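Take a look at the structure below.
The values are calculated or read from the model by the stated rules, or taken from the named source; none is laboratory data. The structure presented is a predicted model; accordingly, all values stated were derived computationally and were not measured. All Cβ positions, glycine included, derive from the backbone under ideal geometry; neighbour counts span all protein chains shown.
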Amino acid sequence: MIRFAGAPLVMALALIVALLALGEALSPGFASVDQVRRLLIVAALLGIVAAGQNLVILGGREGIDLSVGGIVSVGAIVAGNVMDGANGAIVPAVLACVATGAAIGAINGLGVTVLRIAPLVMTLGMLGVLQGLLVVVRQGAPSGRAAPALARFVTEPGLFGLPGILWLWIAVGIAMALLLHRTVFGQRIYAIGSNERAAHAAGVPTGAVRVSLYALSGAFAALAGLCLIGYSGSSFSNVGEQYMLPSIIAVVFGGTSLAGGRGGYTGTMAGAVLLTVLQGILTTVSIDESGRQMIFGATLVALMLFYGRGEALRA
Amino acid sequence: MTGANAIEPRRSVPRRLLARFPFLPAIAILALLLLASALLSPNSVSPRALTGLVSTYLALMLLAVAQTWVVFAGDIDLSAGAILSLVNVTVVVMMERFGGEPLPVLAALGAGLVVGAACGLVNGVVVAVLRLQGIVATFATGIFFTGLALALMPVAGTPAPALYWRTYGGRILEVPFVLWTAAAAGLLVWALTRTRLVLRLLGVGDGPRAAYQSGVPVTATRMRGYMLCGLFAALAAFCITGATASGDPLVGGAMTLYSVAAVVLGGTALAGGSGTVVGSIAGALIIGLINAVVYYAGTPSEWQNFVQGLSVMLALAIGVLINRGVRS
């Protein structure tokens, strides 16, 4: 059983190594330290979004958060405008942006639990609202500036040669592992994800747990938005959109079932790296955009064959 | 019928009505939006303006219908917009290559239907045969279809032949062509809803195991659902081609999520097993009318997207609440 639980992680790691070797063969220097560091930074941004997505999916009842892309963009704008290039304003920026994300996520959670709107629909509606909000706030122009210290934190090598954002990601990974496996809250997430009725009967406050999952998803997405602005300097149009479905795929590649109640975050981290390395290879090789997308789509389908296929009806 | 009444004797009139016609809340919202539109600008409900509304949103209506077939079976197709794009560029490229005379145009449309069905077949194999999770798997196939569309036409802008868009924008017997198209599509949808396939799709959505045990070929049914979805995405592409008079490899990308929203607005359950196509069509019109009303209300341009997003969300919430309030 334990071996089975670790299988997606081992598989993702093996695939990452294979893809790095393939990348190195196709374009020497692909697996160099610098390049791998750069890939990991990109993966960390996706991975932090996927942390929240992972929690929502683990919570079950068709849990999914399509609004993360919008929240990443909103988080980037809030953070960029609060700090406006000043190092001293980083702490308020972090607080403001995470609070905004959590508030948006909590609204999602309330819609899903109190109004009992299907998560896909609720978060899809929220995405539309956030996209509209972005148009109002930004009015077409780039908005906000990253503080120099934040840009250094995200892009420049720090302790042991790893940029701060990778340490942040590792910290998120440890926090997620502790949260999921060492706290009552974590037990409750798995409980409502695998059998909500039973969890409710056992005294789990299912509604409160689910609302906090969506709030956490919003907070993680906003945090990724903050890091993203450090990576790119300022926030431009819909920066976050690229994270919506990849964050779900990273979770799937990490071995978490979309049905909820089964999986964890360690695999998701590997899934995020796997997805990023795959995209990295495709941008390295010289083929045009159409070929790139075709290979990307086909590879995703091929990789999914290794993960959580549904049961056959005649079994 | 008497048997059903004997089992549930206390169901109120609205409950029975809603159980029979789950699209009623959508129709009510639609009527309210039409009223609001008429109050804000009397011209907006003139036959001319309404024809314009239909011609702008006919593609979304058809894409919503396409999405409905798979949602009936509890599936979802996030590649529907990409299929629309692929068919749009296929048709335009073929018409450009073989000329804009009636015969090549019809051949191009035939090829478009084949492409749509083939994309649906790919989705069906991936989701029903290989049993991958529909949301992520159709997203991946959608990326693949977008790649194909980009290979056929790297940049948007190849024009469609004049014969095509003149016909689409013209009139037959004084009636706009789009209304004929809408009527024909409506007839086709009505005929389809009376087929065994749609009954089986709903059965699979209600409970795949139960359907399997009662002899429904579940895998084949889900595959046919995806192929039907591909075919209707192709029909939607024909409308887009007529409305925009050109090819664009990314034209459908943003429409996928709207098609899902339209299905839900129409009172169809994403879990599968219940719903109506009429509802999805009304849902697509609600999205279109919300955009129109927000515009007629004189909303400042930078606020329009926000108000539209908020209104769609509100409509989704109201629909869900009415459905549940009356049913439970």
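Numbers for the structure displayed
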quantity: Residue within segment A:149-157 that is modelled with pLDDT under 80 and closer than 23 Å to residue B:312 by Cα present; calculated: no
quantity: Some residue of segment B:32-50 being hydroxyl-bearing (Ser, Thr, Tyr), surrounded by fewer than 16 Cβ atoms within 10 Å (Cβ to Cβ), under 24 Å from residue B:318 (Cβ atoms) and at pLDDT below 90; calculated: no
quantity: Filter result (at pLDDT below 90, under 18 Å from residue A:221 (Cβ atoms) and at the interface with chain B (Cβ under 7 Å from one of its Cβ atoms)) within segment A:126-148; calculated: A:128, A:131, A:132, A:133
quantity: Tabulated pairs, segment A:170-185, first of a type in the set (Gly, Ala, Ser), second surrounded by 11 or more Cβ atoms within 10 Å (Cβ to Cβ) and outside any helix (DSSP H, G or I), C-beta under 6 angstrom, 6+ apart or interchain; calculated: none
quantity: Every residue from segment A:112-160 that is part of a loop (DSSP other than H, G, I, E, B) and under 17 Å from residue A:77 (Cβ atoms); calculated: A:139, A:140, A:141, A:142, A:144, A:145, A:146, A:147
quantity: Condition met for residue B:76 (among the aliphatic types (A, V, I, L, M), outside any helix (DSSP H, G or I) and in contact (Cβ under 8 Å) with a residue 12 or more places away in the chain); calculated: yes
quantity: Options B:163, B:150, B:179, B:187; residue that is under 21 Å from residue B:107 (Cβ atoms) and either touching a residue at least 24 places away in the same chain (Cβ under 8 Å) or part of a helix (DSSP H, G or I) (or both); calculated: B:163
quantity: Number of the exception - residue B:161 against (1) at pLDDT below 85; (2) of a type outside the set (Asp, Glu); (3) touching a strand residue (DSSP E or B) at 6+ places or on another chain (Cβ under 9 Å); calculated: (3)
quantity: Failed item in (1) surrounded by 21 or more Cβ atoms within 10 Å (Cβ to Cβ); (2) within 14 Å of chain A (Cβ to nearest Cβ), with residue B:225 passing the rest; calculated: (2)
quantity: Residue satisfying all of: in segment B:95-123; modelled with pLDDT of 90 or more and within 22 Å of residue B:157 (Cβ to Cβ); farthest from the other protein chains (Cβ to nearest Cβ) among these; calculated: B:109
quantity: Flag if residue B:159 is farther than 28 Å from residue B:281 by Cβ and either within 14 Å of chain A (Cβ to nearest Cβ) or surrounded by fewer than 20 Cβ atoms within 10 Å (Cβ to Cβ) (or both); calculated: yes
quantity: Wholly enclosed helices (runs of 4 or more DSSP H) of segment A:217-315 bearing at least 3 residues over 20 Å from the mean Cα position of the chain (by Cα), touching a residue at least 12 places away in the same chain (Cβ under 8 Å) and away from chain B (no Cβ under 14 Å); calculated: none
quantity: Every residue from segment B:287-319 that is in contact (Cβ under 8 Å) with a residue 40 or more places away in the chain and either closer than 14 Å to residue A:121 by Cβ or within 9 Å of another protein chain (Cβ to nearest Cβ) (or both); calculated: B:287, B:312, B:315, B:316, B:318, B:319
quantity: Checking residue B:289 against (1) under 21 Å from the mean Cα position of the chain (by Cα); (2) of a type outside the set (Val, Ile, Thr); (3) at pLDDT below 85, the condition it does not meet; calculated: (3)
quantity: First in segment B:124-137 and facing chain A (nearest Cβ under 7 Å), second anywhere and part of a loop (DSSP other than H, G, I, E, B) and among the acidic types (Asp, Glu), Cβ under 8 Å, 6 or more apart; calculated: B:131/A:311
quantity: Selection status of residue B:251, on the phi < 0 side of the Ramachandran plot, touching a helix residue (DSSP H, G or I) at 6+ places or on another chain (Cβ under 9 Å) and within 12 Å of chain A (Cβ to nearest Cβ); calculated: no
quantity: Top-ranked residue in segment A:161-214 [being of a type in the set (A, V, I, L, M, F, W, C) and either outside any helix (DSSP H, G or I) or in contact with a Phe, Trp or Tyr (Cβ under 6 Å, 6 or more places away or on another chain) (or both); ranked as nearest to residue A:267 (Cα to Cα)]; calculated: A:176
